[in-house]
Amino acid sequence: MPALSIVIPVYEAEDYLPGCLDTVIGDGAGGDALEIVVVDDCSPDGSRAVAERYAARDGRIKVITTPANAGSGPARNFGLAQANGDYVWFVDADDELKPGAVERVLAAVAGPRPPDVVLVQHEKRRDTGAIETGELPELAEHCPADPSGFTLAEWPRIVDYTHTPWTKVSRREFLTATGLGFPTGWYTDIPWTYALLRRAERISVVTECCYQWRQRAGSSITRTRDDRHFDVFTQWQRTWDDFEDVDDPGIRVALFNHMVWHLLLVIGNTERVEPKQRRAFFRRTSELYRRYHPGPEAWQPAAGVTGLKQRLLAARAYLGYEAFRQVYRIAKRVNRSGQPGRPAPAPEPTASEVEASSANSSMGAPSGVGASAAQQAADESPGLPAQPTLPAPRVP
């Protein structure tokens, strides 16, 4: 029986799958301890043919096909049912593993007390070539427990690590025993990840980089305008339903903080939510904010830009939120051009830019303009003073 099964759901990945498989098999990486399950989700392109060519050369690769196209979540479930490894790692077909990743994971699960879940460090490579490193090593430096074996209750802030399935390697018997699977729709990794972390009796981390997320234009839902981004509310509701009987205040506060950060990230990304849908998305976000707020004694808005947005959510002040966004965009143009009369074009602020602005205690706006937006927010959300609490997670 192999020690590790890598499950790769495939749909319209003909151009990327060879690069993915090359990094998985490496120079015989893992040897007989490795199994690769390629799940053809009824892809209409030549993805299956690519997988079969690799399977003909490497006996550790098997190719299976779903009964019907169902999306990456159900395809992962289908692959899990066909996997034989002690551990399972879900890898996306358009991403790549870093050199030595398989060996590092095998070493992490080979100890006398095998973990239920291993979290692995990742990096994001944008289509521009820019690389951003994941935050797992930084988080691990502040782990209040043993990073080689802990529970969610011992380290609630681990929820801030990206909720993508490809940063988790899970013990297969643990997964099957708990019945955890991916639901349908978009953002299915949210309820799966937090249900996984909640149930794990032993979690460990690998802080050396193992995975490269290749963010490509047009190939990721994070860069696709579609009404299916509203699925994020269904997935977060599923998560809270699952945590209904969890009374640990540390866990609930950390999960709430991460949810608010994530929903503000989605609505703030102009490549996701259509402008005509922004009001409805804001209102849905505000509903979840108010429903699951752990109380003012447990959690209050952060400082700076982030806290201002959070207070606008609390007040359901969509017009104030949109006014602030416009102020911020104008300020960025002025700052980048250095000529207020001739602003240079600027994209919508990214989450990292917003967080950097917050960290510097600056609104990023000309004197008086940012102050007006802040005052409007304060007027619309009385009784919710801004003060630093949990810092916002870094962008995955």
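Every number in this text was worked out from the coordinates using simple rules, so none of it is lab data. From a predicted model like this one, the values you see are computed outputs, not experimental measurements. Because the Cβ atoms are built from the backbone with ideal geometry, glycine has one as well, and the counts that use them run over all protein chains shown.
Using a 10 Å cut-off around each Cβ, can you sort Trp236, Trp186 from fewest to most neighbouring Cβ atoms? Could you put the intermediate results ahead of the total?
Working: Trp236 23, Trp186 20.
Fewest to most other Cβ atoms nearby, the residues stand as Trp186, Trp236.
Once the dipole of segment 4-223 is set up with Lys and Arg at +1 and Asp and Glu at -1 on Cβ about the Cα centre, which of Ser204, Thr178, Ala68 lies farthest towards its positive end?
Thr178
In whole percent, what relative contact order does segment 4-223 give with Cα contacts below 8 Å and a gap of six or more residues? The partial results should precede the final answer.
Working: 425 pairs, mean separation 57.5, N = 220.
Computed value for segment 4-223: 26 percent relative contact order.
Just report the Cα centroid separation between segment 80-98 and segment 172-204, whole Å.
First find each Cα centre; the distance between them is then 14 Å.
Projecting each Cα onto the charge dipole of segment 287-337 (Lys/Arg +1, Asp/Glu -1 at the beta carbon, about the Cα centre), which of Pro294, Gly320, Ala331 comes out farthest on the positive side?
The residue sitting farthest along the positive end of the dipole is Ala331.
If you rank Met259, Met1 by fewest surrounding Cβ atoms within 10 Å, what's the result?
Values: Met259 21, Met1 10.
Ordered by Cβ neighbours within 10 Å, fewest first: Met1, Met259.
In segment 4-223, what percentage of the DSSP-assigned beta bridges are antiparallel, given to the nearest 5? Before the final figure, lay out each step's value.
Details: 12 of 38 bridges.
Just about 30 percent of them are antiparallel.
Arranged by the count of other C-beta atoms within 10 angstrom, fewest first, what order do Thr66, Thr176 take? Before the final figure, lay out the partial values.
Values: Thr66 20, Thr176 15.
The most exposed by this proxy come first: Thr176, Thr66.
In Å, what Rg and Dmax follow from the Cα atoms of segment 248-305?
Here Rg and the maximum Cα pair distance are 12.6, 39 Å.
Please go through the residue pairs Lys62/Lys124; Lys124/Lys332; Lys124/Lys276; Lys98/Lys168; Lys124/Lys168 and name each one whose alpha carbons sit more than 22 Å apart in this structure. Don't jump to the answer; show the numbers that get you there.
Numbers: Lys62/Lys124 28 Å; Lys124/Lys332 25 Å; Lys124/Lys276 30 Å; Lys98/Lys168 15 Å; Lys124/Lys168 16 Å.
Over 22 Å apart, Cα to Cα: Lys62/Lys124; Lys124/Lys332; Lys124/Lys276.
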